[in-house]
Amino acid sequence: MAEKLKGAAVFGQSGGPTSVINASAYGVIRTALDTPEITNVYGMAHGIVGILNDTLYDMGKEDAGELKLLLNTPSSALGSCRYKLKTEEDLKRIHEVLEKHNIRYFFYNGGNDSMDTCTKVSDYLEKVGYECRVVGVPKTIDNDLYGTDHCPGFGSAAKYIATSVAEVHKDAYVYDTGTITIVEIMGRNAGWLTGASALAKLSDAAPDLIYLPELPFDLDRFMSDVEEVYKKKNKCLVTISEGAQYADGTFVSHAKMSATDGFGHAQLGGTASTLAAIVNKKLGVKVRGIELSLLQRCAAHLASQTDIDEAFLAGKSAVEFAVSGGTGKMVAFSRETKDGKYHCGITYQPLSICANTEKKIPREWINENGTYVTQEFIDYALPLIQGENERKLENSLPRFAKLKKIVV
């Protein structure tokens, strides 16, 4: 058993928020506050920037009831950042601030870039001989973090997307006139979120076509697919990843259509609006381009209770792992079956592999034509969206956590 390490803990949030990232925060903070080896619990103001600026919040001075409301509060309650550690001066400064506050436990909540930050901090502190246990807590709606079966944040975003696409489907099919609807979904290089739109078929309101960034986008093939569906149904509902790219690596949203193509100059909108303009020009029918945008990551009203519970578990497990002597790892999920039902297990992966590898949808989970996901994908995603969250309401509106954020 590892020697007991006495000292303060610090926790930070980084990158794009999710609807459950604060559940992980609560898992870390509550567990750390209840752990005798941890003398104080601090929160970074805007992630690693808070360490660099020595701006830390004393989480022990927060009201316990307000902290618990973090379970159903979207976005990053402590503030986030997209700061990438650039120089050894940054690392020296981090060491200086950690030593000043006797911080011996460092927890960082985020995706690939955040795990890269953890790796650099962990390696540097080991190099200079400062004992501090560094543990990453996974987060990303994109679900592209390597080493874990899935990520906290994905299940809730997937649930929101499936629900929204089903509702758009109902609206799009109201009129007897022909319409084509193109829905743009987050995901630059990995199509997990766009694939989740297929879950809408369980509400009998599925998209007709799904395009993922895992495969090169072919405009001629796309036009042919859309036209074929439209001729059969007088309607067509398409979902597509914002990161859809042509074979040469050009993003669809950045594509320039030459005069000989008949599509005019560069389209300045997103993927959906770009394609909507092209389809309208060629087919001459009513086309809507819809971008779900930030709603995908902040819609806590549709958060999956499974996702909330697992996000909390990730934070709690990080603290327990560090106190038991663990360091240099990221909390990861494993998929297990217990009594015939889905169960989330906990493992720990080296920070280095989580930081530098991107997880994409397996090719075998995409149909041969590249226009839909398979049943294997549905079976993978469905357990993660289960459960209605138990949120507190006031005046029939959500009651979010109100933190005092008392600076140390």
* Extended-chain gain in nm, criterion 0.36 nm per residue less alpha-carbon gap, residue 219 and residue 189 -> 9.0 nm
* To do: Could I have the simple spin-label model distance between residue 174 and residue 149, label points 7 Å from Cα toward Cβ, reported in nm to one decimal?
  => 4.1
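How would you order 231-238, 102-109, 160-167 from highest to lowest mean count of nearby Cβ atoms within 10 Å?
102-109, 160-167, 231-238
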* If we restrict to alpha carbons, what Rg and Dmax does the chain come to, in Å? -> 22.8, 72
* Asked: Within a Cβ distance under 12 Å of residue 305, other residues only, what is the Lys/Arg minus Asp/Glu net charge?
  -> -3
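Sorting check: for 389-399, 28-38, 214-224, 136-146, which peptide has the highest mean count of neighbouring beta carbons within 10 Å, and how do the rest follow?
Sorting 389-399, 28-38, 214-224, 136-146 by mean packing, highest first, produces 136-146, 28-38, 214-224, 389-399.
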* **Cα-based helix-to-principal-axis angle, 305-323 vs the chain, degrees rounded to 10** => 30
* Asked: What's the tally of Lys pairs in segment 60-180 whose alpha-carbon atoms lie under 17 angstrom apart, where the two lysines are 8 or more places apart or on different chains?
  -> 9
* Asked: Using Cα atoms only, what is the angle between the long axis of helix 219-233 and the major principal axis of the chain, expressed in degrees (0 to 90) to the nearest 10?
  -> 70
* Structure fact -> Protection proxy (average C-beta count within 10 Å per residue), highest first, orders 45-51, 181-187, 279-285 as 181-187, 45-51, 279-285
* Asked: Which whole-angstrom value gives the distance between the alpha carbon centres of segment 137-175 and segment 195-255?
  -> 16
* Which residues in segment 225-244 have a backbone N closer than 18 Å to a point placed 7 Å from the Cα of residue 293 along the Cα-to-Cβ line? -> 240-243
* Treating the beta-carbon of each Lys and Arg as +1 and of each Asp and Glu as -1, no other charges, what is the dipole magnitude of segment 299-343 about its Cα centre, to the nearest 20 debye? -> 120
* Set Lys and Arg Cβ to +1 and Asp and Glu Cβ to -1, take the dipole of the chain about its Cα centre, and tell me which of 191, 128, 350 lies farthest positive. => 128
* Which residue, chosen from 8, 85, 56, occupies the Cα position most advanced towards the positive end of the dipole of segment 1-122, where the dipole is computed from +1 (Lys, Arg) and -1 (Asp, Glu) charges on Cβ about the Cα centre? -> 85
* Which aspartates and glutamates have a Cα lying under 20 Å from the Cα of residue 4, excluding residues fewer than 8 positions away in the same chain? -> 34, 37, 99, 126, 131, 320
* To do: First obtain the Kirkwood hydrodynamic radius of segment 60-132 from its Cα pairs, then insert it into the Stokes-Einstein equation at 10 °C and 1.306 mPa s, and state the resulting D in µm² per second as a whole number.
  => 112
* Tell me, what is the FRET efficiency for residue 35 and residue 204 to the nearest 0.05, using R0 = 45 angstrom and their Cβ-Cβ distance as r? -> 0.40
* About its Cα centre, what dipole magnitude does the chain give when the only charges are +1 on Lys and Arg Cβ and -1 on Asp and Glu Cβ, stated in debye to the nearest 20? -> 680
* What is the distance, in nm, between label points placed 7 Å from the Cα along the Cα-to-Cβ direction at residue 231 and at residue 131? -> 7.4
* Structure fact -> Here, residue 53 and residue 378, labelled 7 Å along Cα→Cβ, have an inter-label distance in nm of 4.8
* Of 275, 326, 302, which is farthest on the positive side of the dipole of the chain, counting Cα position, with +1 on Lys and Arg Cβ, -1 on Asp and Glu Cβ, and the Cα centre as origin? -> 302
* Asked: Between residue 254 and residue 5, 0.36 nm times their residue separation minus their Cα-Cα distance comes to what?
  -> 84.4 nm
* Structure fact -> For segment 303-362, using Cα atoms only, the Rg and Dmax in Å read 13.2, 36
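Laboratory data are not the source of any read-out in this text; all were calculated from the coordinates shown. Keep in mind that this is a model prediction, so the values were computed, not measured. Here Cβ is always computed from backbone atoms with ideal geometry, including for glycine, and neighbour counts include all displayed protein chains.
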